[in-house]
1. I'd like the full set of residues that are free of Cβ contacts under 8 Å to residues at least 60 places away in the same chain and closer than 18 Å to B:Ala187 by Cα, limited to region B:277-302.
2. Any idea which residue in region B:197-208 is nearest to B:Met248 (Cα to Cα), counting only those that are surrounded by 23 or more Cβ atoms within 10 Å (Cβ to Cβ) and within 14 Å of chain A (Cβ to nearest Cβ)?
3. When A:Lys156 is evaluated against the numbered criteria (1) more than 15 Å from the chain's Cα centre (by Cα); (2) at pLDDT 95 or above, which criterion, by number, is the only one it fails?
4. Kindly provide the set of residues from region B:239-259 that are farther than 19 Å from A:Phe14 by Cα and of a type in the set (Val, Ile, Thr), ordered by number.
5. Considering only residues of region A:236-267 that are free of Cβ contacts under 8 Å to residues at least 60 places away in the same chain and more than 10 Å from chain B (Cβ to nearest Cβ), which is surrounded by the fewest Cβ atoms within 10 Å (Cβ to Cβ)?
6. Among B:Lys354, B:Lys340, B:Lys317, which is the only one that is within 15 Å of B:Met384 (Cβ to Cβ) and basic (Lys, Arg)?
7. Quick one: what pairs do we get from region B:161-181, first residue under 14 Å from B:Tyr110 (Cα atoms), second crowded, with 23+ Cβ neighbours inside 10 Å and polar (S, T, N, Q), C-beta under 7 Å, 6+ apart or different chains?
8. Suppose we keep only residues that are assigned to a helix (DSSP H, G or I) and more than 20 Å from the chain's Cα centre (by Cα) within region A:222-235. Which one would you say is nearest to the other protein chains (Cβ to nearest Cβ)?
Protein chains: 2
Amino acid sequence: MNNFEFKNPTKIVFGKDTIAKVKEEIPKDAKVLLLFGGGSIKKNGIYDQVKTALTDFDVVEFGGIPANPEYAILLEALEVIKNENITYLLAVGGGSVIDGTKFLSAAAIYQGKTPWDILANNVRTEVGMPFGTVLTLPATGSEMNSGAVITRAETKEKLAMGGPGLFPQFSILDPQVIASIPKRQLANGLADAFTHVLEQYMTYPVGAMLQDRFAESILQTLIKVAPKVIKDPTNYKAASNFVWSCTMALNGLIQKGVPTDWAVHAMGHELTALYGIDHARTLAIITPSHYKFNFDAKKQKLAQYAERVWKIKKGSKNDKAFDAIEKTENFFKELGIDTKLSNYTDEYEGTAEKIAKRFTDRGWLTLGEHNNLSPDKIEKIIKMAY
Amino acid sequence: MNNFEFKNPTKIVFGKDTIAKVKEEIPKDAKVLLLFGGGSIKKNGIYDQVKTALTDFDVVEFGGIPANPEYAILLEALEVIKNENITYLLAVGGGSVIDGTKFLSAAAIYQGKTPWDILANNVRTEVGMPFGTVLTLPATGSEMNSGAVITRAETKEKLAMGGPGLFPQFSILDPQVIASIPKRQLANGLADAFTHVLEQYMTYPVGAMLQDRFAESILQTLIKVAPKVIKDPTNYKAASNFVWSCTMALNGLIQKGVPTDWAVHAMGHELTALYGIDHARTLAIITPSHYKFNFDAKKQKLAQYAERVWKIKKGSKNDKAFDAIEKTENFFKELGIDTKLSNYTDEYEGTAEKIAKRFTDRGWLTLGEHNNLSPDKIEKIIKMAY
């Protein structure tokens, strides 16, 4: 097991009919900016629940944060924060709204020249404006971590940021919210959380027995609940395990003491930036090729995953490892998620070269748990995913 | 899954040679009271490591906190805190030293008539004097939770306390510390952590699939590392998984959203108070009888535990559940821990009646996850454990 530090101060309020508790978590004298997305919360009743809970608070609203939270729009929200003397942010949404709120939490206090620095230079935020979340779409785990990914349409870029000051003070997770989520987004959430676990698990063994088993626990739970969530999102047992799995998949716990990969996300982000493909679907496109290309480096863990998660008992270690990649690809397909780039765009030729060049230009010369995936290898992996 | 709230702000610093980092975690202007136990830290070098790290700090020492931290001795430490204007507590020890430090954290700020109230009335501590820990004995999980158990020899009582103000600000976990721990205490730590998980798991199913798997992960890991830790505590892979399992067993995570039992601990505490039997050994005495007595109420989970943790595939649900109790008892025995009260004292007759009466006198009329273990049932369980 590698040395590690772990601290996660976010308070989770989890369960049925918990949204009203938002009023107990925000300071009474706060001036609140309520941030949300495209307006689905006004249709599914979540907006009303939050507004009712905050009747006695001074609340300003900012809606319209898009999937892949857009820098230019967030700058408009930043203006509101400054003009209205906002002191507390409340994200009501999924990962995009929460990530956008994290950017605003940092930017509201940032003293540098332009808030773009926070992203361009990956400035670590030690203290941000306090914020909480009401989760409406389980997937990214952003509700219990301190990272965010922000998109800038102008330059087709998707950049990460974070820091210990960007943990939500609280997050309210009512699994009943998934009842109104379209199947496509539920599938995305399942695939996203699944891949988050894989990025922290599918590397090489370092004797972190407990972390491995925790990761496998989340994978097994997601596999079990996935068809139930898709079939009937009002199934509370499935919904609650889905939501808690998404949160635990990326709250820092399972990555402590182990190497992590994250090359799938790095490549996937480019596909979203270039073609607007849903984030989770880009992960499903890249994962199988990535594991095949890096088969030797990952086969110990692939075989363990085969045995423990997929219960594959027969065959050599190589056979098991290979079967596990196939099982993973099938898991995505059974969610209705295509796993080849050509399923999403006819103009895929040249994508691999383009992304490899972007990585080179950005100075990302080594990716993966061994820091040895150079742009030429990235190019090969992406070609395998056409 | 039941509704829950979860927040655990303790910072964990985990790994090889991390004790020196204690200096980065304590405010420079703090006046520190360094608390420790019987002096083993002076023999194994941990004391020197801490003192060297704190060269530039203003440090007062208080040693001699015994196993089952004693109220009367803690009152002496409280005097030191007041007389020396201490502002920060540093526990260097195992669960007893850390629990004692939590009592002091609460008592140093408590405004009531006597600090005994904190225990007698189970006063919830919202804010305590800040403290950190350097763990020297993995077992209780106290290094990452907000609870403590304090003993009062005068009245042969062992009482619990806690509150959100009693999380350590940081805990340093260097698995190398177990190298100098006597086998008897290593066995106790393994049994203690194992039972902590069982108390939060061996109840009845509520559809908390992920929590169940996390609990099973810890049990599987402890079973795997137990013989290795006993055989060679310098085996770092075994040691690090042992330490992290003990912490995760009782940091709140696996109890969220599920019913919990804790009747084994309630009965075990009485055996320690009456006969001075090591805490972990009292749990090994009570557990098998408790599970046999409550077989019907627990058999669903016992059977799941049999299948997933002990890999028992054959037999009816009842058979599996029964076999799992036997496996558990054998696990304790293989650690060298006797599982009958008569192995520890010849004067066991009347113990059951005595404890049942103590529970009645204290108003503890219902224990267990169904709140239906009345003193007459407690009496029967303890008799089964003679």
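The values are calculated or read from the model by the stated rules, or taken from the named source; none is laboratory data. Keep in mind the model is a prediction, meaning the values are calculated, not measured. As a convention, Cβ positions derive from the backbone with ideal geometry for all residues, glycine included, and neighbour counts pool all protein chains shown.
1. B:Thr282
2. B:Val197
3. (2)
4. Listed by number, the residues that qualify are B:Val243, B:Thr247.
5. A:Gln255
6. Result of the check over B:Lys354, B:Lys340, B:Lys317: B:Lys340.
7. Partner pairs satisfying both residue conditions: B:Gly162/B:Ser146; B:Gly163/B:Ser146; B:Leu166/B:Ser105; B:Leu166/B:Ser146.
8. Taking the candidates together, the pick is A:Lys224.
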